[in-house]
Amino acid sequence: MGQNSELERYITNHINEESDTLKELYRYTHINILRARMLSGHIQGQLLKMMCRMINPASILEIGTFTGYSAISMAEGLTDKSAHIDTIEINDELKPVIEKFINKAQFEDKISLHFGDAREIIPTIDKKFDLVFIDGDKRQYPEYYNLVFPLINDGGYIIADNILWNGKVLDPITNSDDYTKGVIEFNEIVKGDERVERVIIPFRDGLFLIRKASTLRGQSD
Ligand SMILES: C[S@@+](CC[C@H](N)C(=O)[O-])C[C@H]1O[C@@H](n2cnc3c(N)ncnc32)[C@H](O)[C@@H]1O
């Protein structure tokens, strides 16, 4: 076993346990659903939950529900009773699984599911968000960013997953596929965007934490 797996087990042993529903969802996804490794998992789920505790968002948008692990993790971190999550998934075959586990977690009132292409659905949303979690198709990250940006409240956050893309971002010449290109273009757009503060957490496949600067008092925070 590699050192990374041992460290991951050490971390897992020292953080909060998954809820029973998340544990069951993790197992169910790995037994029954293709490409189960796309799911956030225990450590990232707890991180998203903790970020929701810290940011205390009233409204969250997620792009890429998959089987619902990250949506349920974030819902577990919401302290405000009226806080709400909208989550978009293109693959409607996942609907019964997502619904089953959202119901098990008793988050039917907290999480709204939307099925379809996020690029078509986002322009129809008449709502502002305090947090957007981008975890859809990596080739489309630049489009997601441009579409969600106007919907984010001043001082709101974007968390984007997989932005190190297994290290491939370091070598765009060898890795000239559309997925790597999408991630690299996204990272460059964020880097050049003076409207945001940004930091990368080198956890798993890399998380970009982006804060839309407040323009309320004309300050450059
Ligand atoms: C990495 S998985 C999401 C994992 C999930 N957020 C979690 O942490 O458990 C990416 C998901 O995005 C979905 N997806 C891809 N393109 C999309 C699009 N244009 N609109 C909405 N969902 C999309 C895929 O079907 C897949 O289920």
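Bear in mind these aren't lab numbers, they're just calculated from the coordinates by the rules spelled out. The model shown is predicted, which means the values in this text are computed figures rather than measured ones. Here Cβ is always computed from backbone atoms with ideal geometry, including for glycine, and neighbour counts include all displayed protein chains.
Close amide H partners of Asn175, meaning residues 5 or more places away or on another chain with modelled amide H under 5 Å apart, do not exist here.
Taking the DSSP bridge list for segment 3-212 and keeping only pairs wholly inside it, about 35 percent are antiparallel.
Considering every Cα-Cα pair within segment 50-111, what fraction, in whole percent, is farther apart than 15 Å? Don't jump to the answer; show the numbers that get you there.
Working: 836 of 1891 pairs.
Beyond 15 Å sits 44 percent of the P(r) for segment 50-111.
Backbone N atoms of segment 124-165 closer than 13 Å to the 7 Å Cα→Cβ label point of Phe203 belong to residues 159-162. Between Arg195 and Asp109, the distance separating the two model label sites (each 7 Å from Cα on the Cα→Cβ line) works out to 3.5 nm. The amide H of Phe129, built 1.01 Å from its N in the peptide plane, has Ile152, Asn153 as neighbours under 5 Å, considering only residues 5 or more places off or on other chains. Scaling against 2.2 N^0.38 Å puts the C-alpha radius of gyration of segment 1-46 at 1.21.
When the Kirkwood hydrodynamic radius is evaluated over all pairs of different C-alpha atoms of segment 129-195, what value in angstrom, to one decimal, is obtained?
Every distinct Cα pair counted, the radius reaches 12.4 Å.
Dividing the convex hull volume of the alpha carbon atoms of the chain by its residue count gives 138 Å³ per residue. Whole-Hz Karplus values for segment 56-65 come out as 6, x, 8, 8, 10, 10, 10, 10, x, 6 Hz, taken residue by residue from phi with 6.51 cos²θ - 1.76 cosθ + 1.60 and θ = phi - 60°; glycine and proline positions read x.
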